[in-house]
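The values are calculated or read from the model by the stated rules, or taken from the named source; none is laboratory data. Source: prediction; values computed, not measured. A quick note on method: Cβ atoms are made from the backbone with ideal geometry, for glycine too, and the neighbour counts reach across all protein chains shown. Quick note on the areas: whole protein, heavy atoms, side chains included, nothing else; ligands and nucleic acids left out. Shrake-Rupley method; radii C 1.70, N 1.55, O 1.52, S 1.80 Å.
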Amino acid sequence: MRAILTLNAGSSSLKLGLFSEALETLGTGHVDRIGGEGRLKVLDGQGQPLPVPALGPEAFARHGAALATALEVFRVDFPALEIVAVGHRVVHGGTRHGAPERITEALMQELAALAPFAPLHQPHNLAGVRAALEAFAEAPQIACFDTAFHRNHPFVNDTFALPRSYYDKGVRRYGFHGLSYDYITGELARTEPALHAGRVVVAHLGSGASMCAIQGGRSVASTMGFSALDGLPMGTRSGQIDPGVLLYLMDQEGMTSAQISDLLYKDSGLKGLSGISNDMRELEGSDDPHAKDAIDYFTFRIRRELGGLAASMGGIDALVFCGGIGENSALVRARVCEGMEWIGITLDAEANAANAREIAHGPVRVLTIPTNEEIVIALAAQALLTA
Ligand code: ADP
């Protein structure tokens, strides 16, 4: 069985997608706690769990071991599995990479040099690439960048008001979640060509969350900036914060950059505000007033950004929700659309409660479209086979 593999490697996690050459999903895998006791979940092409044997920590010692372990489980269903191309999610492509790129040693070195821009993600993404290069030396491999979709932002949406030398050194608003926005844009081109040609705000609301203004299929502004911390509050990330707060934490509370990094990436957002959980389902089910505060803040910031992003395009024709929260939480969607009649959004409460695709009946359309970042990566990897 010839198959395309997609990989998304985090610090202690690895997400795998297995596709046929015609891009049917053959299976997905999720490894957690790499370097620790390890945990593996594998689903077949229909989303049904596959049995995973009892495994010791050595099966998950590093990304390479975790990859081999997950593939062994797939091999029960596909004994003659042959990986013919591999696509990787890489968070940062810097200023030079606006499209997926075939992996070479020169590209690896260039991407490694971008690690200071995304220290919590880039090195781990590249560890996944190294593991796959070792495991599948013969297969062509491609890097797909979360920043790429935003590469052609106009200057005013690409810069900070710092001395120009910082811009030249790469201190810019890159924007992330580009693979998800790429997928949604492709779906609109296929199913809603008039909207694709128009002005759309996409709200990708998952554990990480951002929004993007897309005009004529191109990103013009995004809520995420230099790092994946900016913009909306997220599961555990703060989102936009006055930089004066960081100066205060350093100068008055004596916090180090590592402590501030932990605070902003791991202990803030929905988790920090609620003091309960980073998981929207849990917050929705809680009657603690702090859970309500967290949902209020989350949806308030989305509405604020929605107004700003619409202004950046001179108006809006559609709002699209995607990501775990955007696709599943009728409550969050309703709260975001509340009081937005001024912009042309009138929610259809019944359609929203039913998780329908079309959930408003005002002049601005509101759609829920399940995103699929893996298929965007698989498509890029498939292109390698015909190149
Ligand atoms: P990731 O960014 O890790 O891929 P997801 O896109 O899977 O994250 O989104 C995870 C978020 O989606 C969690 O906050 C989870 O609570 C939320 N979520 C998933 N299903 C629902 C649901 N039915 N109602 C509300 N929130 C949901």
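So here's what we get for this one:
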| quantity | calculated |
| --- | --- |
| Neighbours by Cβ (under 7 Å, 6+ apart or cross-chain): first from the range 151-173, without any contact (Cβ under 8 Å) to a residue 40 or more places away in the chain; second in a helix (DSSP H, G or I) and open to solvent by less than 80 Å² (accessible area, probe 1.4 Å) | Thr159/Tyr167 |
| Failed criterion for Val320 (all others in (1) away from the ligand (no atom under 13 Å from the Cβ); (2) open to solvent by 10 Å² or more (accessible area, probe 1.4 Å); (3) in contact with a helix residue (DSSP H, G or I) (Cβ under 7 Å, 6 or more places away or on another chain) hold) | (2) |
| Wholly enclosed strands (runs of 3 or more DSSP E) of the range 176-238 bearing at least 3 residues within 16 Å of the ligand (Cβ to nearest atom) and hydrophobic (A, V, I, L, M, F, W, C) | 199-205, 209-215 |
| Those helices (runs of 4 or more DSSP H) lying entirely in the range 242-288 with at least 2 residues away from the ligand (no atom under 16 Å from the Cβ), open to solvent by 50 Å² or more (accessible area, probe 1.4 Å) and free of Cβ contacts under 8 Å to residues at least 60 places away in the same chain | 243-253, 257-266 |
| Output for the range 172-190, where each listed residue is out of contact with any helix residue (DSSP H, G or I) (no Cβ under 6 Å at 6 or more places or on another chain) and surrounded by fewer than 16 Cβ atoms within 10 Å (Cβ to Cβ) | Arg190 |
| From Ala221, Ala197, Ala213, residue being at pLDDT 95 or above and out of contact with any Leu (no Cβ under 7 Å at 6 or more places or on another chain) | Ala197 |
| Pair list, Cβ < 7 Å and 6+ apart or interchain, from the range 187-216 residues that are on the phi > 0 side of the Ramachandran plot to residues that are more than 16 Å from the ligand (Cβ to nearest atom) and not acidic (Asp, Glu) | Gly216/Ala197 |
| Total residues in the range 332-372, condition part of a loop (DSSP other than H, G, I, E, B), open to solvent by less than 10 Å² (accessible area, probe 1.4 Å) and within 16 Å of the ligand (Cβ to nearest atom) | 2 |
| Members of the range 3-34 that are open to solvent by 10 Å² or more (accessible area, probe 1.4 Å), more than 18 Å from Val91 (Cα to Cα) and either in contact with a His (Cβ under 9 Å, 6 or more places away or on another chain) or aliphatic (A, V, I, L, M) (or both) | Ala22, Leu23, Leu26, Ile34 |
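Residues checked against (1) closer than 16 Å to Asp146 by Cβ; (2) open to solvent by 70 Å² or more (accessible area, probe 1.4 Å):
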| site | (1), (2) |
| --- | --- |
| Ala61 | no, no |
| Ala68 | no, no |
| Val73 | no, no |
| Pro79 | no, yes |
| Ala85 | no, no |
| Arg89 | yes, no |
| His97 | yes, no |
| Arg102 | no, yes |
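Yes/no per residue for (1) closer than 25 Å to Glu24 by Cβ; (2) free of Cβ contacts under 8 Å to residues at least 60 places away in the same chain; (3) of a type in the set (Val, Ile, Thr):
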residue	(1), (2), (3)
Asp296	no, yes, no
Glu305	no, no, no
Arg335	no, yes, no
Glu341	no, yes, no
Glu350	no, yes, no
Glu358	no, yes, no
Ala380	yes, no, no
